[in-house]
1. Scan the range 295-311 and tell me whether some residue there is surrounded by fewer than 19 Cβ atoms within 10 Å (Cβ to Cβ) and acidic (Asp, Glu).
2. Give the residues of the range 145-172 that are away from the ligand (no atom under 14 Å from the Cβ), touching a helix residue (DSSP H, G or I) at 6+ places or on another chain (Cβ under 9 Å) and of a type in the set (D, E, K, R), sorted by residue number.
3. Which condition from (1) small (Gly, Ala, Ser); (2) open to solvent by less than 20 Å² (accessible area, probe 1.4 Å); (3) out of contact with any Cys (no Cβ under 8 Å at 6 or more places or on another chain) is the one that SER325 breaks?
4. Might you let me know whether the range 406-421 holds any residue that is assigned to a strand (DSSP E or B), open to solvent by less than 40 Å² (accessible area, probe 1.4 Å) and touching a residue at least 40 places away in the same chain (Cβ under 8 Å)?
5. Looking at (1) surrounded by fewer than 24 Cβ atoms within 10 Å (Cβ to Cβ); (2) over 20 Å from ILE40 (Cα atoms); (3) within 16 Å of the ligand (Cβ to nearest atom), which is the only condition LYS142 fails?
6. Within the range 164-210, track down each residue that is of a type in the set (Lys, Arg) and either farther than 13 Å from TYR82 by Cα or over 21 Å from the mean Cα position of the chain (by Cα) (or both).
7. Can you go through ILE107, ILE72 and tell me which one is in contact with a Lys or Arg (Cβ under 7 Å, 6 or more places away or on another chain), open to solvent by less than 20 Å² (accessible area, probe 1.4 Å), within 16 Å of the ligand (Cβ to nearest atom) and touching a residue at least 12 places away in the same chain (Cβ under 8 Å)?
8. Here is a list of conditions, (1) more than 30 Å from GLN362 (Cα to Cα); (2) loosely packed, with under 14 Cβ neighbours inside 10 Å; (3) of a type in the set (A, V, I, L, M, F, W, C), and VAL87 meets all of them except one; can you say which number that is?
Amino acid sequence: MEDFIKSAKKVLLGNKKKGYTLPTNNKLYPAQWNWDSGFIALGYSHFKLKYALDEIKTLIRGQWKDGMIPHILFHDLNTNYYPNHSVWSCGNKIHSSGITQPPILAIILKLILDKKRINNKDKAEFKKIVKGILKYHKWFIKFRDPNNSGLVSILHPWESGYDNSPLWDEPMSKVKIPKNLKYKRGDNKVVNPEYRPLDIDYDRYVTIKNHLRKNNYNPKKLYKASLFNVVDVGFNSIFLRANKDLLKLLNTFNLKSVELESYISKSENKIVKLYNHKKNIFFNIDLKNKKKINIPSITHYFILFADLKDKVLNNKIIKNLKKHSSKEKYLLSSVKSNHQKFEEKRYWRGPVWINCNWIIYQGLKNKNIKFAKQIKRKTINLVKQKGFNEYFSCKTGKGFGATNFSWTAALFLDLILENKND
Ligand code: GLC
């Protein structure tokens, strides 16, 4: 095991730049990504706390004045990446994209602080980070849920982090691609196009993005005006868990937010309304087109991570999760493999992702430890056998996408080392 731990650390250190870490060492993702950085920080916390803090601090340095923490920060402007900083043309202290990603920072910070004792010198620094995260969460509540419903929206598939999921097919199909749309994608030159989104999907991502820019990324306007507005179960589960963890962090640092407290109870009541009791599965809401979206996505099981109080519902969800991948050798496929939209190799349309497994493992730990341990064991073994890939086939375990992938390495480390000091 020691060798694997060494290799995982090597992946992270190999991808490390000054103050942040790339998602991989090939040319696929030459910048800092929001939720990648969260997972990466957790990985570092097991052997170099300073790097973990640097990762988070840099991310918060890129926070916009209104509170949003962007999904990408472009530190290096000389890359061939598309869409690069000039295409987005925005940012505060650091060039950035104009959208966000799943807000896992509070969750990660709490996990780190639960394990590490911090000295007084570092306390002020942590308090500053917590304040930045609170500002970020308030931005979500204000601009992504202006009606104060308890559920936030995403305005671009890229905000979900599961960019190419079939969850977005229906709402994306309504986006009209302008005839004069011009751009040059780079991802399918670095990785086999069979594993990447189709051109038609990419055209729509770019169309939505261009429209956001045309509206100056104005968060007040865009909730209504965006070409895409979806309430996603996975994203809201992460936000609910993050809000609960943030509340505990606020307590630790003698801070308070009444708004956050009341939002948590609202979300808790509201998110269960997205459960279809007949089909025993959650659904998303396409707010733009006023439709339900029914796709058996693994991300719906992030609800376990939100730690709902309803035990009966949790047990139903767990029972269904067991069926999700029961036919597959490698857990957990991003889309149920008997569904018509399932694709073994294309990213987010079927393959196994280590961050999804990690989130679900965390959600299961306090509800069904036996099943949780099974997922943990299988996830560790998959990485040990196949390497630190971006994602994997649920049929053969074969690794796809980028190699030396940071969050695969970071979360592998966390799974192995989480109880080291217990
Ligand atoms: C892809 C993934 C996204 C991730 C990014 C960098 O765009 O869909 O979740 O953050 O790559 O790894």
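The values are calculated or read from the model by the stated rules, or taken from the named source; none is laboratory data. This is a predicted model, so every value here is computed, not measured. Cβ sites come from the backbone with ideal geometry, for glycine too, and all protein chains shown count toward neighbours. Heads up: the accessible areas ignore ligands, DNA and RNA and are worked out on the full protein's heavy atoms, side chains in. Shrake-Rupley method; radii C 1.70, N 1.55, O 1.52, S 1.80 Å.
1. Yes, there is a match, as at least one residue in the range 295-311 is surrounded by fewer than 19 Cβ atoms within 10 Å (Cβ to Cβ) and acidic (Asp, Glu).
2. ASP145, ASP169
3. With (1) small (Gly, Ala, Ser); (2) open to solvent by less than 20 Å² (accessible area, probe 1.4 Å); (3) out of contact with any Cys (no Cβ under 8 Å at 6 or more places or on another chain) applied to SER325, the lone miss is (3).
4. No, that holds for no residue.
5. Result: LYS142 fails condition (3) only.
6. Correct list: LYS174, LYS176, LYS179, LYS182, LYS184, ARG185, LYS189, ARG196, ARG204.
7. It is ILE107.
8. Condition (2) is where VAL87 drops out.
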